Ligand SMILES: [Ca+2]
Ligand SMILES: [Ca+2]
């Protein structure tokens, strides 16, 4: 009789803990989502500043049109070639919600550029952003006119940083001929073997973020560069609290089954 009483108390306690866990962690269990991350819906769910277009598998001419990594559409942000259309680095910094000093870290010298952003809510620690990109440029390799592209990550009161992707001269970027109005491209999936894997960014702070991409003309406004972006997704990592909660639920169910059997 006493054992049954203890089991009942333990069952009630476990169920109470489960309920408390559901209430306390419900917000942390809602995974963030990147909407229209493959741009098959053009720029729906995205904001743009400067020159932003949607390109198809026929961006450029044979033999090397720059192709999407996923589906039949991809985003292209690019700088102008001495004409109005892109925007100032100050406006881009405000748009991407990161400081100019982040854009121009490590000696970079952005003058003008273009960008694309999306607000993604309910990102948890450990969530992973994944995307494919292809940096294109009409500059020759140059440390002075070193056009470049970045991923921007911004959380109000938290991380506000630019993750370097490519520039005109990095040795890690194996450029190939581009059949578009850019002369070189870095990561066309059909030119490089094996196909470049997606680039990833792992979040270390939970919260609501503005994620974005920027491409910049450096030092002057001539010889444009562009960034093709596609196949963006966010992979949620199970929270330790969620796993603990599932353990409590399992314990409660086990006790309930034993109680019925007894
Ligand atoms: Ca696509
Ligand atoms: Ca340039």
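Using a Förster distance of 30 angstrom, determine the FRET efficiency expected from the C-beta separation of residue 91 and residue 236, and round it to 0.05.
Between residue 91 and residue 236 the formula returns 0.35.
Determine, for each peptide in 56-64, 75-83, the mean count of other beta carbons within 10 angstrom over its residues, then list the peptides with the highest first.
Output ranking for 56-64, 75-83: 75-83, 56-64.
If I model region 43-194 as equal point scatterers sitting on the Cα atoms and use the Debye formula, what is log10 I(q)/I(0) at q = 0.08, 0.09, 0.12, 0.13 Å⁻¹?
Results for region 43-194 at q = 0.08, 0.09, 0.12, 0.13 Å⁻¹ read -0.23, -0.29, -0.53, -0.63.
We did not get these values from a lab; they are worked out from the coordinates using the rules stated. Computed from a predicted model, the values in this text were never measured in an experiment. As a convention, Cβ positions derive from the backbone with ideal geometry for all residues, glycine included, and neighbour counts pool all protein chains shown.
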